[in-house]
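Q: Below is one structure. I have some questions about it.
The values are calculated or read from the model by the stated rules, or taken from the named source; none is laboratory data. None of these values were measured; they are calculated from a predicted model. No Cβ is skipped: glycine too gets one built from the backbone with ideal geometry, and neighbour counts run over all protein chains shown.
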Amino acid sequence: MAVRFAEKLYEKYYAGDKARRGLFSALASWRAWEHVLYPGSFIHITASFLFPSVTYVDNDRNAKRFFSQMDEVRALVERNKVYQEAPQLTFHGTSYENRLDVPEGSFDLLLSLYAGFISKPCKRYLRMGGVLAVNNSHGDAGLASIDPDYQFIGVIQGRGDQLHREDDKLDAYFKPKKEIEVTEELLRTLGRGIGYTKTAPVYLFRRVR
Ligand SMILES: C[S@@+](CC[C@H](N)C(=O)[O-])C[C@H]1O[C@@H](n2cnc3c(N)ncnc32)[C@H](O)[C@@H]1O
């Protein structure tokens, strides 16, 4: 029953361009990341192709089944990874809203991609000075932009897999198209982010407190 289940599921959701490898490549070419936390990851193990140590969190049934085939998942990563060391993959099949069984302040990169408001409940696991890489699909980038614990330090710009980091002219970002007061309550009510005049596929924040 479990024969190549994990590989088939990964192919179904993340074959080819759907893997969004360019984002992880852009982040990996910026810095070497020691420990990466990926809440709401589903089975997006493309992160492990670029980062040696990734902790995945998802409460989806298929994600739990996928990661239960850890030998198969690890083999898939081994065939695709770009670094020398053995990959470290950990999975927590729970809500990222719950207290995770990982040490606080132990990650240097926190990913928030298409999976709700992660920046707030998972901030505690990011070390001081660590980086949040977040998109605005569900409004989480907007939430980070009004969170004083985060400092906006850059964006990942470009199209498709041709992505690169930029850290200039940041004042142009997070300007709402409509005159509106951006609050956590508004963002949570909308659940899809508000429109900004200048956007990026991914925004970068540093945890400053
Ligand atoms: C649209 S998928 C995105 C998956 C992946 N981040 C990506 O970019 O391909 C959203 C995922 O977030 C997960 N998710 C949503 N809320 C969650 C929560 N509170 N705790 C854990 N996972 C959650 C869902 O189970 C789902 O797998």
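Q: Given the condition modelled with pLDDT under 95, surrounded by fewer than 17 Cβ atoms within 10 Å (Cβ to Cβ) and more than 9 Å from the ligand (Cβ to nearest atom), answer yes or no: does some residue in the stretch 28-36 qualify?
A: no
Q: One residue is enough: does the stretch 88-104 have a residue meeting the conditions on the phi > 0 side of the Ramachandran plot, touching a residue at least 40 places away in the same chain (Cβ under 8 Å) and surrounded by fewer than 22 Cβ atoms within 10 Å (Cβ to Cβ)?
A: no
One line per residue, one yes/no per condition, for (1) in contact with a Ser or Thr (Cβ under 7 Å, 6 or more places away or on another chain); (2) without any contact (Cβ under 8 Å) to a residue 40 or more places away in the chain:
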{"residue": "4", "(1), (2)": "no, no"}
{"residue": "8", "(1), (2)": "no, yes"}
{"residue": "19", "(1), (2)": "yes, yes"}
{"residue": "26", "(1), (2)": "no, no"}
{"residue": "30", "(1), (2)": "no, no"}
{"residue": "34", "(1), (2)": "yes, no"}
{"residue": "56", "(1), (2)": "yes, yes"}
{"residue": "73", "(1), (2)": "no, no"}
{"residue": "86", "(1), (2)": "no, yes"}
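Q: Is one or more of the residues making up the stretch 49-65 away from the ligand (no atom under 12 Å from the Cβ), among the hydrophobic types (A, V, I, L, M, F, W, C), surrounded by fewer than 20 Cβ atoms within 10 Å (Cβ to Cβ) and under 24 Å from residue 125 (Cα atoms)?
A: no
Q: Related question: Can you pull out the residues in the stretch 1-21 that are within 13 Å of the ligand (Cβ to nearest atom) and small (Gly, Ala, Ser)?
A: If the condition is that a residue be within 13 Å of the ligand (Cβ to nearest atom) and small (Gly, Ala, Ser), then 15, 19 are the ones that fit.
Q: Could you tell me which of the residues 159, 192 is within 17 Å of residue 40 (Cβ to Cβ) and at pLDDT below 95?
A: Matching residue, one of 159, 192: 192.
Q: Would you call residue 109 more than 24 Å from residue 25 (Cβ to Cβ), modelled with pLDDT of 95 or more and not in a loop (DSSP other than H, G, I, E, B)?
A: It is false that residue 109 is more than 24 Å from residue 25 (Cβ to Cβ), modelled with pLDDT of 95 or more and not in a loop (DSSP other than H, G, I, E, B).
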